[in-house]
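Participant: My questions will all concern the structure given below.
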Amino acid sequence: MSTVLVTGGSGFIGSHCILQLLAQGHQVRTTVRSLKREPDVRAMLKEGGAEPGERLSFFAADLVNDAGWHDAVAGCDYVLHVASPFPATTPQHEDELIIPAREGALRALRHARDCGVKRVVLTSSFAAVGYGHPPRGVPFTEADWTNLDDLSLPAYVKSKAIAERAAWDFIAREGEALELAVVNPVAVFGPVLGPDLSTSVYLVQRMMNGLPGCPRLYFGGVDVRDVADLHLRAMTDPAAKGERFLAIAGECMSILDIANILKARMGDAARRVPSRQLPDWVVRVGALFDPGLRQLVPQLGMIKNASNEKARRVLGWTPRSNEEAIVGTAESLLRLKLLKG
Ligand code: NDP
């Protein structure tokens, strides 16, 4: 069994990666910004069914400085670099996201190379694949890249595209024997393990707690358990070296589709879920006052399908359905009492 570092173990995807690594018998390390988070992370893992004791160790490290990184990485066979800022709100300046995303990826790779790690798996995003393009009928694949010349890209989208580019450039120029594989998830749902909600999960919480209606937005979905599974496959499969893999369950969903799934599957707990589509003009007016909505306006009505054929064919990945992912989130929010009473 191997020693694996997961950066950002306090996060939604990071915690599920830790659970699956432990289940496979690996020795696991994780970085958190503050060691005070250790009890929270252990509580999340317990919620997921694991009490790893000394098979899991914690290291303090921030994406934006070198302190703690060498100790976290030295002696590891693999690194899953999951940590990156993913706020629900728009930052004052895009560099608040771009700098930690890019510098964090380069820091993880540099320390991994210097410590003789075999492979890094980077959690990138569909944000690095499918933005800044005119509407198209053909599904996006791993051959596509977000067009960074588009000046209307949201800061988060830019941060992920720039970070992934920087990672591949690093490997090409100075990676030496270090290998890189990249996972590009669409919006991630599935069971949450604690009260700190990722931005994607926050959407389901807001819908369950009541929204005025469903904006005409579409996106791909995937279950966090399948995203973690794809990271583990990309970590060890020889065929994943130097490759990126889209993580998407199936067809794009609209917010109204999500509402319909919640209403059909969650019974009385879904009583506040909206059942009507919001006209685009309502969203546009709202966007005049809300910067969060403003960055969604260019996406109204845009359907961006993407293919999971590569992950299925190369790595034997078989994701759950959109419906299972959405219901997994809603059931866990209910179980953890994270919904309005
Ligand atoms: P979370 O917000 O749950 O997790 C983000 C993690 O990154 C947390 O552990 C957070 O630590 C850590 N982090 C953020 N900033 C820093 C920093 N400056 N230094 C150290 N750690 C930092 O989000 P997710 O789990 O959903 O996201 C994880 C990764 O997956 C990110 O790279 C995100 O871009 C990517 N992703 C997510 C998708 C989704 O829909 N959820 C879709 C596609 C990609 P702390 O607890 O201290 O804040």
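Participant: Here is a check on your reading of the model: is residue 288 assigned to a helix (DSSP H, G or I) and within 27 Å of residue 327 (Cα to Cα)?
Facilitator: Details: assigned to a helix (DSSP H, G or I): yes; within 27 Å of residue 327 (Cα to Cα): no.
Here the answer is no, as residue 288 does not meet what is asked.
Participant: Quick check: is even one residue across the stretch 29-41 more than 13 Å from the ligand (Cβ to nearest atom), out of contact with any Pro (no Cβ under 6 Å at 6 or more places or on another chain) and assigned to a strand (DSSP E or B)?
Facilitator: For the stretch 29-41, residues more than 13 Å from the ligand (Cβ to nearest atom), out of contact with any Pro (no Cβ under 6 Å at 6 or more places or on another chain) and assigned to a strand (DSSP E or B): present.
For every residue, the table says whether it meets (1) surrounded by fewer than 24 Cβ atoms within 10 Å (Cβ to Cβ); (2) closer than 23 Å to residue 85 by Cβ; (3) in contact with a Leu (Cβ under 7 Å, 6 or more places away or on another chain).
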site	(1), (2), (3)
120	no, yes, yes
136	yes, no, no
148	yes, yes, no
155	yes, yes, yes
160	no, yes, no
189	no, yes, no
199	yes, yes, no
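Participant: Considering the stretch 196-241 alone, what residues qualify as being within 16 Å of the ligand (Cβ to nearest atom) and not in a helix (DSSP H, G or I)?
Facilitator: 196, 197, 198, 217, 218, 219, 220, 221, 222, 223, listed by residue number.
Participant: Now a separate question. Which of (1) assigned to a loop (DSSP other than H, G, I, E, B); (2) open to solvent by less than 70 Å² (accessible area, probe 1.4 Å) does residue 293 not meet, given it meets every other one?
Facilitator: Checking residue 293 against (1) assigned to a loop (DSSP other than H, G, I, E, B); (2) open to solvent by less than 70 Å² (accessible area, probe 1.4 Å), the one that fails is (1).
The values are calculated or read from the model by the stated rules, or taken from the named source; none is laboratory data. Keep in mind that what you see is a predicted model, and the values were worked out from it rather than measured. Neighbour counts run over all protein chains shown; Cβ positions are idealised from the backbone, glycine included. Ligands, DNA and RNA are stripped out before the accessible areas are found, and what is left, the full protein with its side chains, is counted by its heavy atoms. Shrake-Rupley method; radii C 1.70, N 1.55, O 1.52, S 1.80 Å.
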